Amino acid sequence: MAQAPQPGRAPPALRPCTFASSPLPATMEQDIGPHRSCLPAPGSPTGPSRPVESKNEAAMSELVPETRQKPVVPMKPMGINASLLGYIGIDTIIEQMRKKTMKTGFDFNIMVVGQSGLGKSTLVNTLFKSQVSRKSSGWNREEKIPKTVEIKAIGHVIEEGGVKMKLTVIDTPGFGDQINNENCWEPIEKYINEQYEKFLKEEVNIARKKRIPDTRVHCCLYFISPTGHSLRPLDLEFMKHLSKVVNIIPVIAKADTMTLEEKTEFKQRVRKELEVNGIEFYPQKEFDEDLEDKTENDKIRQESMPFAVVGSDKEYQVNGKRVLGRKTPWGIIEVENLTHCEFALLRDFVIRTHLQDLKEVTHNIHYETYRAKRLNDNGGLPPMTVETEENHESNL
């Protein structure tokens, strides 16, 4: 216990200490009472002991990591139950799009490529159930076989259920009919690129049209001769060059000339040759948007391609029904009968399930590739149109 200070002597030096906030014992309170004015107030600096405290605090701060605030994570948007808020009407966008399409219509451009005599025009007429492609009745003795590949485009407007489609069929007479067919695909590739160029020039015009006429080739049906053996070098070269600029759908023409076993083996051989040569036909694997698309398209790529078809625009009576078919000594080959040929699969694929996708792949992939290359070659500037060239010359 501390002794009370004697009279006449200075009080002993007190050792600085820090007091807790709890009350002191009575004996200690009595001893330090006379000297309370010398002590620091609670919470104030304690003089000489402050440097020690600051060292202790620094040491503690090194031992105890600084607590950081967690980053604010945005809350996920909660789904709103439309039934609680009443009917909104989002689903009417489909009807709005349908009405607009019915008013304006749409373009679809299909190219047919193959040797003469494979029934290209007949098949296209059968696809659209109208005379959209003119047949060539063969070469007369007076007529000369064209020395180069010609490009002939014929346009038609087809209306069904109030929907108008401006169909353009591009034929390529003379392809593969020469003794020397070297580079005979070049005029076709040039034509396809010219349509991209035409669309690009319209697109970059300052005062461009509200609706740019679309002459780009959305689909190319390539007709394979039903040899039953393998693809010709010309077939491989054409598809290798053109598959990069257009959607190619390979088709085995006049499939009724092969037996069922021959047809199955030939289809498998064609698929294998295309794979070995790195040729991708439509629908391309890299453009599958989701698992559902991949599953559906894998089935088409592995089972249906190439479509073995028979075309005919003549009707016959079969079991009391009028059907499109070809008459042979052994009976009627029904064009739309899946047990006879795969024409119905081709029609459903091109028109009923993938027509819009053919147009989108043409615009978003093939055209965009051409557009990017042209702009890059031109230093990022749009190509010069006749209008801009005239203005440029007048300014000079």
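Rolling a 1.4 angstrom probe over the protein heavy atoms with all chains in place gives the range 265-315 an accessible area of 58 Å² per residue.
What a 1.4 Å probe finds exposed on the range 285-345 is 47% carbon and sulfur by accessible area, rounded to a whole percent.
Calculate the length of the line joining the C-alpha centroid of the range 162-201 to that of the range 302-328, in whole Å. So the separation of the two Cα centres works out to 27 Å.
For the range 283-344, a simple Cβ point-charge model (Lys and Arg +1, Asp and Glu -1, everything else neutral) yields a dipole of about 700 debye relative to the Cα centre. Among the chymotrypsin sites (Phe, Trp or Tyr not before Pro) found in the range 298-381, those both in a DSSP coil and sparsely packed, with 14 or fewer other Cβ atoms within 10 Å of their Cβ, are 330.
What does the charge dipole of the range 309-354 about its Cα centre add up to, to the nearest 20 debye, if the Cβ of each Lys and Arg holds +1 and the Cβ of each Asp and Glu holds -1? Here the size comes out at about 140 debye.
The values are calculated or read from the model by the stated rules, or taken from the named source; none is laboratory data. This is a predicted model, so every value here is computed, not measured. So basically every Cβ, Gly included, is an ideal-geometry build from the backbone, and we count neighbours across all protein chains shown. Heads up: the accessible areas ignore ligands, DNA and RNA and are worked out on the full protein's heavy atoms, side chains in. Shrake-Rupley method; radii C 1.70, N 1.55, O 1.52, S 1.80 Å.
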